[in-house]
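Step one of this worksheet: look at the structure below.
Since every read-out is calculated from the coordinates, none of them should be taken as a lab result. Small disclaimer: the values here were computed from a predicted structure and weren't measured. Positions of Cβ are backbone-derived with ideal geometry, glycine not excepted, and every protein chain shown enters the neighbour counts.
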Amino acid sequence: MNLNHFILERSMSTQSSQADQPASVSPAGPAPVRITPAAPAAAAPAGPNNRVKIIAGLIVLAALGAGGRMWYRSHNFVETENAYVAGHVHPVSARISGVVTKVFIDDNQMVKEGDVIAELDPFDQRVKTEQIAAQIASAEQQVLQADAQIAQVQAQASAAQAQVAQADAQLLRAKQDAERFGQLYTSQMKAVSKAEVDAANAARSGATADLAARRDSAAAAKAQIGAAQAARDVAKAQVAVLRVQLKDAEQQLQYNRILAPVAGRIGKRNVETGMRVQPGQQLTAIVQDDVWVTANFKETQLANLHRGQKVHVSVDAMPGKELVGTVDSFAPASGAQFALLPADNATGNFTKIVQRVPVKIVFKPEDIKAMNGRLVPGMSVIAEVNIKEPVSEPAAQHAAAPAATAATAAR
């Protein structure tokens, strides 16, 4: 069966190969006409491709345009990407220790100057205030007591002075009696007895001693007056000190209400009800709306920068929106001088590095207000100055004033 199948396939393949071959022409018959396709014409030599020429021309034009733009900008503009938005950030901290009982602010909230941010428990300060007030009352009573003592001592001094006068009069009488008895008792005349003369002399001596004692008592009374007055002055001074302490305690009591020092927006809120805060601990920060740009220009770019020049500022956070500012001032030193560890260029391995000087750029208040708080400190910006643009006349005069002063000083 397999052999028959093989013979059949062989015969079929032989027939198909004969059918594909052209029919043989007998020598007697006419030659068959055989039509062959015409050979293609020789291709003409290809010229330069116009598309390639156009592309090459466009590339050359683009390169010329880019080079011309770079040359133009390098001679007419000064630009830096090392620029950031800056502003006034006011830390708000507690002035006394205490426990927070109420918080009146929230994140990113607008506050006005004097608004209450938080309140502390006022119990400790109130007790201290009452204690000092009681001490003042006690000291004032001591002053009144000292006044009464002074009056008493003055009365005693007056009595002592009267006794001095009385003793002085008695001494005068004793002297007179002694002199009189002395004149009556002499060697020629003995009108009185010797005992009477001795008694008169003794009375005179006693009157003299009594007068001295009275004078000492009066001096002691005067000294007591001075002591009483000094005690009263001490009591008054103590009252004055306590009143100052009371004023301070009342002020400390007011410090329990933490107020906003300026108007602005709340940021970095770190206060919660129930916290115990210490003096100087920062609770939040308030950022004011008046912002500016600090652009760190290279020192090689400062030659054509002057105060009053317009600055085109592009903010990374707001693409497509451009602000126009004004050069306000230049930093008194480069940024490296204000670094925590300034470079020591006196060493032997010195490498010259282009330094950067911070330049302050300000905006108009209406332009800042139009941003609706979207321009905040810390944002990255690009600052560009057209150095060929004329400076306004007031700004030019202000910029020329230091140069004129320096020239005058040089003369």
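For the reader, a short list of remarks on this structure follows.
- Only Lys, Arg, Asp and Glu carry charge here, each on its Cβ (+1 for the first two, -1 for the last two); on that basis the stretch 123-254 has a dipole of about 400 debye about its Cα centre.
- Across the stretch 207-224, computed HN-Hα scalar couplings (Karplus, 6.51 cos²θ - 1.76 cosθ + 1.60, θ = phi - 60°) run 5, 5, 5, 5, 5, 5, 5, 5, 5, 5, 5, 5, 5, 5, 5, 5, 5, 5 Hz from first to last residue, x flagging Gly and Pro.
- Lysine pair count for the stretch 123-254 (Cα-Cα distance under 29 Å; residues 8 or more apart in sequence or on different chains): 7.
- Couplings for the stretch 118-135, taken from phi via the Karplus curve 6.51 cos²θ - 1.76 cosθ + 1.60 with θ = phi - 60°, read 7, 10, 9, 5, x, 4, 4, 5, 5, 5, 5, 4, 5, 5, 5, 4, 5, 5 Hz in order; Gly and Pro are left as x.
- Between amide H atoms placed 1.01 Å from N, distances below 5 Å from A118 occur with F104, I258, all of them 5 or more places distant or on a separate chain.
- As a proxy for reagent exposure, ranking W71, W292 by other Cβ atoms within 10 Å from fewest up yields W71, W292.
- For the stretch 53-126, the set of trypsin sites (Lys or Arg not before Pro) satisfying both a DSSP loop assignment and a count of at most 10 other C-beta atoms within 10 Å is given as K112.
- Karplus (6.51, -1.76, 1.60) ³J(HN,Hα), θ = phi - 60°, over the stretch 161-171, in Hz, Gly and Pro reported as x: 5, 5, 5, 5, 5, 5, 5, 5, 5, 5, 5
- Net charge of the neighbourhood of R356, taken over other residues with C-beta under 15 Å away and scored Lys/Arg +1, Asp/Glu -1, is 0.
- A cut-off of 5 Å between modelled amide H atoms, ignoring neighbours fewer than 5 places along the same chain, links Q309 with V327.
- Restricting the stretch 287-350 to trypsin sites (Lys or Arg not before Pro) in coil, as DSSP defines it, with at most 16 other Cβ within 10 Å: K321
- Near the amide H of I387, within less than 5 Å, lie the amide hydrogens of F77, V78, all on another chain or at least 5 residues away, with H placed in the peptide plane.
- Flagged links, alpha-carbon separation over 27 Å, of K360/K388; K102/K364; K298/K369: K102/K364; K298/K369
- Mean Cβ neighbour count within 10 Å, used as a protection proxy, ranking 269-282, 220-233 highest first: 220-233, 269-282
- For the stretch 123-254, with +1 on Lys and Arg beta carbons and -1 on Asp and Glu, the positive-most of L144, A178, A134 along the dipole: A178
- Sorted fewest first by neighbouring Cβ atoms within 10 angstrom, H90, H306, H75 come out as H75, H90, H306.
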